[in-house]
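These notes are about the structure you will find just below.
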Amino acid sequence: MQHREEWKPSKFIRRNGKLMASRDTREVALSSRLAADLVASCYDTYISDLARGKLLDLGCGKVPLFDVYRDFVTDSICVDWGNSPHKCAHLDVECDLTQKLPFSNNEFDTIILSDVLEHIPDPGRLWREMSRVLAQEGRVLMNVPFFYWLHEQPHDYYRYTEFALRRFAEMAGMKVIHLAPIGGAPEVIADIIAKNALRLRYVGRALAVATQKCASVFVNTRIGRRISASSGRQFPLGYFLVAQKCV
């Protein structure tokens, strides 16, 4: 990664030992805090156990996960395309993720693909390229949105079910070792309310914050966890997936 000594937190921050969404609205929209908190928790849980060796951060943006994976990998290569709205001083390679990746076969042990796949018009090709550059038993860690607003338009092309994600992975010669919904109906409802609340003058920001806070508190109760988990099978806010290249 270029200029790693100059890296600073952006989308994600660590507070009291926990990875969470930044509260700086220049980094994370006020109405997206709940969704970003959930994504942060997934990577905080799985990177320490699964990231290793040489890592490829595809669609890296400002490299928000660097602080999470840097102690577990030997090297990290940051890649993004030239039209990304998240300009990055740490970029190693600028390339179009819809084309062949400029790396050798079996070069990487770990790939991070966070909030990227929905922006790729030919996802099957990227899956094949990720499989090609992964070493045997190398892993992809990724998340995608599902019940979530259109963003970074017009480059927002798809929403994937768990069945589509599993199919893409298997067609690329990988086996899924973890695939789970991110959030459920309570989080989806809170996210929709928060994003639309911002249209209201005077009270919109306060309502958006309160809605997400209430949802966060609720889903951390016993009944809230149960409702979130059960509804997440049909109403996921997104998905988190870990796939491993087959031997």
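The values are calculated or read from the model by the stated rules, or taken from the named source; none is laboratory data. Predicted model only: the values in this text are computed from it and were never measured. Here the Cβ positions follow ideal geometry from the backbone for every residue, glycine too, while neighbour counts run over all protein chains shown.
For residue 200, state whether it is of a type in the set (A, V, I, L, M, F, W, C), within 16 Å of the chain's Cα centre (by Cα) and either surrounded by fewer than 17 Cβ atoms within 10 Å (Cβ to Cβ) or under 30 Å from residue 121 (Cβ atoms) (or both). In short, no.
Results for (1) closer than 19 Å to residue 158 by Cα; (2) over 12 Å from the mean Cα position of the chain (by Cα); (3) of a type in the set (Gly, Ala, Ser), shown as yes or no for each residue.
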| position | (1), (2), (3) |
| --- | --- |
| 42 | no, no, no |
| 71 | no, yes, no |
| 79 | no, yes, no |
| 96 | yes, yes, no |
| 102 | no, yes, no |
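Scanning the stretch 104-133 for residues that are assigned to a loop (DSSP other than H, G, I, E, B) and not hydroxyl-bearing (Ser, Thr, Tyr) yields 105, 106, 107, 115, 116, 120, 121, 122.
In the stretch 1-56, of all residues being closer than 24 Å to residue 94 by Cβ and charged (D, E, K, R), the one that is surrounded by the most Cβ atoms within 10 Å (Cβ to Cβ) corresponds to 11.
Conditions tested, residue by residue: (1) closer than 15 Å to residue 34 by Cβ; (2) touching a residue at least 24 places away in the same chain (Cβ under 8 Å); (3) not charged (D, E, K, R).
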| site | (1), (2), (3) |
| --- | --- |
| 155 | no, yes, yes |
| 173 | no, yes, yes |
| 182 | yes, yes, yes |
| 187 | yes, yes, no |
| 194 | yes, yes, yes |
| 197 | yes, yes, yes |
| 210 | yes, no, yes |
| 222 | no, no, no |
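Checking the structure you have, find out if any residue of the stretch 158-177 is surrounded by fewer than 18 Cβ atoms within 10 Å (Cβ to Cβ), touching an Asp or Glu at 6+ places or on another chain (Cβ under 9 Å), closer than 19 Å to residue 240 by Cα and of a type in the set (Lys, Arg). Within the stretch 158-177, one or more residues are surrounded by fewer than 18 Cβ atoms within 10 Å (Cβ to Cβ), touching an Asp or Glu at 6+ places or on another chain (Cβ under 9 Å), closer than 19 Å to residue 240 by Cα and of a type in the set (Lys, Arg). Of everything in the stretch 57-72 that is buried (at least 21 other Cβ atoms within 10 Å of the Cβ) and hydrophobic (A, V, I, L, M, F, W, C), the residue that is nearest to residue 129 (Cα to Cα) is 58. When residues in the stretch 142-200 are screened for being part of a helix (DSSP H, G or I) and over 22 Å from residue 213 (Cβ atoms), 10 of them pass. Pairs linking a residue in the stretch 128-152 that is modelled with pLDDT under 95 to a residue that is surrounded by fewer than 17 Cβ atoms within 10 Å (Cβ to Cβ), with Cβ atoms under 7 Å and 6 or more positions apart or on different chains, are 152/85. Each residue in the stretch 140-157 was checked for being within 15 Å of the chain's Cα centre (by Cα) and either of a type in the set (S, T, N, Q) or crowded, with 17+ Cβ neighbours inside 10 Å (or both), and 9 pass.
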